[in-house]
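Readers should treat all values here as calculations from the given coordinates under stated rules, not as data from a laboratory. All values reported here derive from a predicted model rather than from experimental measurement. Neighbour counts are summed over all protein chains in view; Cβ atoms, including those assigned to glycine, are modelled from backbone coordinates with ideal geometry.
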Amino acid sequence: MFDSCINVKSINLKTFNIKIVVNMFGMFLSCMSLNQLDLSSFDFNNVKINCIFDGINSIKVILKKKYKNIFHNLYNKNIEIIYI
């Protein structure tokens, strides 16, 4: 959805409804200027997140604690996840 938005610095996703989404593959791929995302309003229960943050140099992501098991094995070590 936001793949290669290289100049985007922030995205307000508070009103996004992802209840019927099943795959977020590469959703923020190569969004190099993006430095923080608040995804705490998202429901990741049925969503595949493969490569969701690939190509991002450094980012802080805010998530609900209950999704820690889904995001614990992301390969991009430049991601700081803050669980609330």
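Summary table below
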| read-out | value |
| --- | --- |
| The lone exception for C51 - which of (1) in contact with a helix residue (DSSP H, G or I) (Cβ under 7 Å, 6 or more places away or on another chain); (2) on the phi > 0 side of the Ramachandran plot it fails | (1) |
| Residue count for the stretch 9-24, restricted to those that are over 17 Å from I62 (Cβ atoms) and part of a loop (DSSP other than H, G, I, E, B) | 5 |
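Yes or no, residue by residue, for (1) hydroxyl-bearing (S, T, Y); (2) under 12 Å from the mean Cα position of the chain (by Cα); (3) surrounded by 15 or more Cβ atoms within 10 Å (Cβ to Cβ); (4) not in a helix (DSSP H, G or I):
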| residue | (1), (2), (3), (4) |
| --- | --- |
| S4 | yes, no, no, yes |
| G26 | no, yes, yes, yes |
| L29 | no, yes, yes, yes |
| L34 | no, yes, yes, yes |
| F42 | no, yes, yes, yes |
| N46 | no, no, no, yes |
| K66 | no, no, no, no |
| K77 | no, no, no, yes |
